[in-house]
Amino acid sequence: MINLLKIMLLFLLCVAMATAVGVKHEPIRPLVIDQNLDPRMVSLGDKLFHDARLSQDNSISCSSCHVLSAGGTDRKRVSVGIGGAVGGIKAPTVYNATFNFVQFWDGRAASLEQQAAGPVHNPVEMNSNWEEVISKLEQDPAMMEEFDALFDDGITEENISTAIATFEHSLVTLNSRFDRWLLGEQGVLTKQELRGYRLFKSYGCISCHQGMNVGGNMYGFMGARGDYFKDRQGTITTADLGRYNVTKDSEDRHYFKVPSLRLAAINPPYFHDGSEKTLKGAVRIMGRYQLGRELPESDIEDIVAFLHTLVGEHIRLKP
C-alpha cells in the first residue's frame with residue numbers, strides 16, 4: 001500500500017509539474033488512465049480474466065497467456081492453450097492495449113470488447129463456447145451476485161466481455177521515467193537514454209512507433225526494406241500472412257498492427273513469430289528490414305537504453 005501511495009503521489013506531482021511548465025512537444029505522449037472506469041466492473045473483470053472456467057476443461061484463463069506479473073505476456077515464442085495446443089503467434093501484451101486502434105496482430109477485433117470474446121471459441125486457446133461458460137458461472141452464487149449488481153440481465157456473453165474489457169482498459173503502465181521526462185521532470189534520464197531517443201527519432205523508428213502507446217496506432221509491412229521472411233527461412237505460416245487473414249486482400253499480406261514498445265524491454269521474445277530472443281537483436285533486425293540500414297552497435301545500445309525508460313508501473317483500481 002505504501003508503494004502504491006508513493007506511485008500515485010509521484011504521478012500527481014508530475015502532472016502538476018506538467019501543468020506548470022507544459023508537456024514537452026514530442027511525438028510520444030505520456031500515458032493517462034481513464035478516470036471514469038467503474039472500480040466494481042474492473043474488479044469483476046479482473047476475476048474473470050483469471051478464471052479458468054472460461055476454458056473447456058477449466059485449465060486456461062486469459063492470464064495464462066497474459067501474465068500480469070511478467071509484462072502482460074507469457075514470454076513464449078507462441079502460446080500454449082487447452083490440452084497443450086500450440087498457437088501460431090506470439091501473445092501480445094495486454095498492458096496499454098486500451099490505446100491500440102485495433103486488437104490482435106492482424107487487427108481482427110475493433111475493440112477490447114471484441115478481443116475479450118475471441119479466445120473462448122478458439123480451438124488452440126480455450127476451445128469452449130458461451131453456453132458452457134455461462135452455465136458454469138451461473139453455478140457460482142458470488143459471481144451471480146456481482147453480475148446482478150452491475151447488469152440488469154445478469155451473466156451473458158456480452159456482459160462477460162464487457163467486464164473483462166473494462167479490466168483491460170485499466171491495465172495502463174503509468175509513471176515511466178520517459179513519461180516523467182515528458183512531463184517536465186529534470187534529471188530523470190541519462191545522457192545515453194536521451195541519445196537513444198534522439199537516434200530513435202533520427203533513424204525514423206518514430207514514424208511507426210509514436211503516440212501514447214509508442215505504436216499500436218497503424219499497420220506496418222514486415223520487411224519494408226528487405227525480405228524478412230526469406231531470410232528468416234522456414235515455412236511461411238498462416239500467422240505470417242498478417243492482415244491478409246482478415247481482409248483476403250493480397251496487398252495486406254505481411255501487414256501487422258505495429259506493436260507498442262511501452263514494455264518491449266521486459267517482453268521477449270520479439271515480433272509476431274517470437275523469432276528474436278533479445279531486445280538488441282530486435283533493434284538490429286528492425287534497422288535491417290524496416291529501415292534498410294545496419295545500425296552500429298553503439299547506436300543499438302543507446303536505443304535499447306531508451307526503450308528501457310518506457311517501462312512504467314500498473315496501479316490497480318480498488319472497488
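The values are calculated or read from the model by the stated rules, or taken from the named source; none is laboratory data. Treat the numbers as computed from the prediction; the structure is a model and nothing was measured. Note that each Cβ is placed from the backbone with ideal geometry, even for glycine, and that neighbours are counted across all protein chains shown.
Just to be sure I understand, how many residues within the range 24-51 are buried (at least 16 other Cβ atoms within 10 Å of the Cβ) and at pLDDT below 95?
1
May I ask you to list the residues in the range 204-220 that are among the hydroxyl-bearing types (Ser, Thr, Tyr) and in contact with a Phe, Trp or Tyr (Cβ under 6 Å, 6 or more places away or on another chain)? Step through it out loud before you land on a result.
Start the filter on the range 204-220 by keeping residues that are among the hydroxyl-bearing types (Ser, Thr, Tyr), which leaves 207, 219.
Matches in the range 204-220: Tyr219 only.
Name the residue, out of Leu54, Leu112, that is more than 21 Å from Ile315 (Cα to Cα) and at pLDDT 95 or above.
Going through Leu54, Leu112 in turn, just one is more than 21 Å from Ile315 (Cα to Cα) and at pLDDT 95 or above: Leu54.
Quick check on my filter: what residues within the range 193-220 are in contact (Cβ under 8 Å) with a residue 40 or more places away in the chain, under 17 Å from Ala264 (Cβ atoms), not basic (Lys, Arg) and not in a loop (DSSP other than H, G, I, E, B)?
Glu193, Gly196, Tyr197, Leu199, Phe200, Cys205, Ile206, Gly211, Gly220
Looking at (1) in contact (Cβ under 8 Å) with a residue 24 or more places away in the chain; (2) buried (at least 18 other Cβ atoms within 10 Å of the Cβ); (3) of a type in the set (A, V, I, L, M), which is the one condition that is false for Ala282?
(1)
From (1) of a type in the set (D, E, K, R); (2) surrounded by fewer than 20 Cβ atoms within 10 Å (Cβ to Cβ); (3) within 20 Å of His66 (Cβ to Cβ), pick out the condition that doesn't hold for Glu297.
Glu297 satisfies every listed condition except (3).
Any chance you could count how many residues in the range 79-109 are under 15 Å from the mean Cα position of the chain (by Cα) and among the aliphatic types (A, V, I, L, M)?
Residues meeting the conditions: 6.
Considering each residue of the range 60-89, count those that are in a loop (DSSP other than H, G, I, E, B) and either farther than 13 Å from Glu125 by Cβ or in contact (Cβ under 8 Å) with a residue 24 or more places away in the chain (or both), and give that number.
Here the count works out to 14.
Would it be correct to say that Gly223 is in a loop (DSSP other than H, G, I, E, B), in contact with a Phe, Trp or Tyr (Cβ under 8 Å, 6 or more places away or on another chain) and of a type in the set (Gly, Ala, Ser)?
Numbers: in a loop (DSSP other than H, G, I, E, B): yes; in contact with a Phe, Trp or Tyr (Cβ under 8 Å, 6 or more places away or on another chain): yes; of a type in the set (Gly, Ala, Ser): yes.
For Gly223, the condition - in a loop (DSSP other than H, G, I, E, B), in contact with a Phe, Trp or Tyr (Cβ under 8 Å, 6 or more places away or on another chain) and of a type in the set (Gly, Ala, Ser) - is met.
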